1. Please check the chain for the longest run free of trypsin sites (Lys or Arg not before Pro) that are loop-located per DSSP (anything but H, G, I, E, B) and have at most 14 other Cβ atoms within 10 Å.
2. Please pull out the direction-averaged projected area of the range 59-104, using the convex hull of its alpha-carbon atoms, in nm² to one decimal place.
3. Can you tell me the FRET efficiency between A89 and V35 if r is taken as the Cβ-Cβ distance and R0 is 30 Å, rounded to the nearest 0.05?
4. With θ set to phi - 60°, apply the Karplus curve 6.51 cos²θ - 1.76 cosθ + 1.60 along the range 31-38 and write out the HN-Hα couplings as whole Hz, x wherever there is a Gly or Pro.
5. Multiply the residue separation of T122 and D74 by 0.36 nm, subtract the distance between their alpha-carbon atoms, and state the gained length in nm to one decimal.
6. What percentage of all Cα-Cα pairs in the range 4-151 are separated by more than 23 Å?
7. Given the range 1-50, what whole percent of its Cα pairs are spread farther than 12 Å?
8. Could you tell me which of Y48, V136, Y34 has its Cα farthest along the dipole of the chain towards the positive end, charges placed at Cβ (Lys, Arg +1; Asp, Glu -1), taken about the Cα centre?
Amino acid sequence: MRSKWITSQTEMFEVIEKCEACYVSMVDQNNHPYVVPYNFGVKDGVIYLHSAQTGKKMDALRHNNHVCIAFSTDHQLKYQHERVACSYAMKYRSVIVTGRIEFIEAFDEKVDALNVIMGKYTDRQFTYGTPAVNEVCTYKVIIDEITGRKLGY
């Protein structure tokens with residue numbers, strides 16, 4: 001069974017929403033690839049991320065804001081014949097996003113981004129202390145390209 005392209009933007013964002021984490025790849029200052037798992041949130045076609053303000057990933061993102069993000073879900077092993085290794089496959093749905101990081105500096109916009117991220121994982125409303133918001137780095141991914149594939153769905 002061959003994988004199929006996901007052509008619907010709606011279905012691609014359904015795949016993204018279903019994922020618990022994403023994997024953000026970037027290029028560091030030495031032109032080496034670097035990938036980091038992230039919690040994330042999505043609203044109105046924009047992916048929101050957050051992290052500490054310092055560290056290897058922040059150095060890389062400030063040096064080069066281009067990223068590629070992988071989302072993958074609905075994994076299920078399947079086979080045509082139990083004893084034939086080549087008949088095994090993994091059902092899945094995945095989306096790849098390429099885009100650019102845009103850092104969020106304004107306090108209220110940072111709170112909005114944090115609410116989008118927290119809203120993905122909880123049903124609670126939160127308040128944030130000024131020092132905490134000032135210390136966290138929030139950013140959004142401006143999507144340049146989005147593609148999806150699926151097998152078995």
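Any read-out appearing in this document is the output of simple, stated calculations on the displayed coordinates, not a laboratory observation. The structure presented is a predicted model; accordingly, all values stated were derived computationally and were not measured. We place every Cβ from the backbone using ideal geometry, glycine too, and count neighbours over all the protein chains shown.
1. Value returned for the longest uninterrupted segment is 3-82.
2. 5.1 nm²
3. Plugging the Cβ-Cβ distance into 1/(1 + (r/R0)^6) gives 0.80.
4. Per-residue couplings from phi come out as 6, 9, x, 8, 10, 9, x, 9 Hz.
5. 15.2 nm
6. 43 percent
7. 72 percent
8. Y34
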